[in-house]
Structures are given as structure tokens and as C-alpha cells.
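The structure appears below as C-alpha cells.
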Amino acid sequence: MKFKAQDKQNQLIENITVNHLVVGVDIAQENHVARAVNFRGIALGNPLEFSNDEVGFRSLDRWIKDLLVSFKLTKIIVGMEPTGHYWLNLAHWLKDTEIEAVLVNPHLVKKNKENRDNTRSKSDKKDALVIADMVKNGYYSSVASIPQNTKCCESLWITVRPL
């Protein structure tokens, strides 16, 4: 079929409904930044910076719940870049709390930065917003499986990585 890739993207876009809170997370080693948009890409609430641990994830949970109530939304989808192994803690926590987690291609995030505000500037807040926009626009893939043993993944990544 000629339009198979477009059909797939259309299905991903259709998954995002008027009831969705779309959260983009810029992943870092210690502190992540989250931004939220609605199904139209309108930024909701203030950015959230949170730590890459249980305390930070609980902060994210409170922030998400507040936004759901404030904007009368009922569904959540969280997008992130698979940056090194730093995204795994958040992905595990999202899975455990039954929040849909998806991944965006880091190369496409870089290419889409200008689409949001017509500048090449870079910031964690802008990156999180770009990630949320990409999810809203169907440029994401589901997290098929999350490796359980992060140490194993780190050593595998180090072994496979070109020197």
C-alpha cells in the first residue's frame, strides 16, 4: 500500500481525543521537565521540574491530577525521548501507575524545535513542549516493553556503543 505510513500516523493522531492531557517530558540524568498540552496543542498549566526518583514522580502525579481537574480532562498520555537509560525509571513508574507512556524520536525532536516558536533556541521547557506537540501530532511509538534490569541495559548499551 502506498499510504501505509500515513495511515499509521493518522491512527496515532486519532488516539488523542478531546479528553486527553498530553504531557511531554524532557529527560535528563537528575531532573526532568514536563509540559502539558491539550489535543489542539494549547499549553496547559506551568512547566514542572521534577527529580528522577519516587519523590519527583509523586510530584508529577500531583501536577497531572491538578491539570486533569482544572481542565476537565480524563485521559493521560506521556511522551518522552529514550535518552540513555535515564528514561527507564519514569517509564517503569508510569507503567506501574497505569499511565500510557510513549516514545518520540530524539532526531525528530531536534528537527521540530523551530515549529513551535520559529526560533532555534533550546531549553528544557521548550523541548518538553515540542515533545508534547509531537505526541499530539502522532509522531510517537508505544513502549513495547521496558527492560526490567537497568544495570543490564547500561552494560549492553556500553558494550554495543561504538567507541
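Please say if the range 1-114 is rounded, prolate or oblate, where rounded means a/c under 1.5 for a ≥ b ≥ c the square roots of the C-alpha gyration tensor eigenvalues, and otherwise the choice is prolate for a/b larger than b/c and oblate otherwise?
Values: a/c = 1.76, a/b = 1.26, b/c = 1.39.
Oblate is the answer for the range 1-114, as a/c is 1.5 or above yet b/c matches or exceeds a/b.
Greater than 26 Å separation of Cα atoms is the criterion. Which listed pairs, K65/K111; K72/K136; K65/K110; K72/K125; K72/K111; K4/K95, meet it? Provide the component values of the computation, followed by the final result.
On the way: K65/K111 31 Å; K72/K136 18 Å; K65/K110 29 Å; K72/K125 24 Å; K72/K111 32 Å; K4/K95 29 Å.
The pairs that break the limit, which is 26 Å between Cα atoms, are K65/K111; K65/K110; K72/K111; K4/K95.
What ranking, highest mean first, results for peptides 62-74, 44-56 when packing means the other Cβ atoms within 10 Å averaged over each residue? Mind showing how you got there, number by number?
Working: 62-74: 14.1, 44-56: 15.9.
So the order, starting with the most tightly packed, is 44-56, 62-74.
None of the figures in this text is laboratory data; all of them are computed from the coordinates on show. Just so it is clear, the structure is predicted and the values come from calculations on it, not from any experiment. Neighbour counts run over all protein chains shown; Cβ positions are idealised from the backbone, glycine included.
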